[in-house]
Amino acid sequence: MKYDIIIVGSGPGGYVTAIRASQLGFKTAVVEKESLGGVCLNWGCIPTKALLKSAQVYEYLKHVDQYGLKAESIDKDFEAVIKRSRGVAEGMSKGVQFLMKKNKIDVIEGFGKVKAGKKIDVTSKDGKLTEYSASHIIIATGARSRELPNLPQDGKKSNWLQTSNDFTLSTKIYDSSWFWSHWG
């Protein structure tokens, strides 16, 4: 299929570009290999801010008397905090999905590989390869952590090397001694 503009990546740079391109009358598509919104909305910026907000509210509650209020018991539930953070991220991703539909932007799910001649090969999750072409291709793939040969990012919680995704989902409490024993 032929487009005016294809954007590879649907993070904040990609989806905003796609919306504006569509508003200007260009036939637009976005290629995304995971969830709309990219790393920022799904694993980085947004869920991290949701976690920080929960921590801030907990801190306020510990000092509720300073606000002229009384509370018998203040406690934390890390599983609920993580669930809230994931819910915020999912809501934002669904918001991007709504904006894509509203602005008539095609979402192509899969891994995009730019080729010569203004073409992109997209491999879907089931392995099907489809070629697309566009007058303009914009690469907005954002960032990922780089895996080192001897330090795999295998997602095992026992492994001391964890990605931001691992920490975003973790209910483990790390104190400063853990940090300094590994990084100090």
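Every read-out reported here was derived from the displayed coordinates using simple, explicitly stated rules and does not represent laboratory data. What you see is a predicted model, and the numbers here were worked out from it, not measured in a lab. Cβ sites come from the backbone with ideal geometry, for glycine too, and all protein chains shown count toward neighbours.
For K62, the lysines whose Cα falls under 16 Å of its own Cα, not counting residues fewer than eight places away in the same chain, are K53, K70, K76. Amide H contacts under 5 Å for K115: I120, D121, restricted to partners 5 or more places along the chain or on a different chain, H placed in the peptide plane at 1.01 Å from N.
Pairs exceeding a 25 Å alpha-carbon distance, out of K104/K125; K33/K101; K33/K128; K27/K113; K49/K125; K2/K104: K49/K125. Identify the residues of the stretch 85-103 with backbone N under 16 Å of a label point that sits 7 angstrom from the Cα of L61 along the Cα-to-Cβ direction, or state none. Of the residues in the stretch 85-103, 85 have backbone N under 16 Å from the label point off L61. Using only Cα atoms, figure out Rg for the stretch 2-144 and give it as a multiple of 2.2 N^0.38 Å. Ratio of Cα Rg to 2.2 N^0.38 Å: 1.38. Using the Cβ of G37 as centre and a radius below 12 Å, the other residues enclosed give a net charge of -2, where K and R count +1 and D and E count -1. Charge tally for H136 (other residues, Cβ to Cβ under 9 Å; Lys, Arg +1; Asp, Glu -1): 0.
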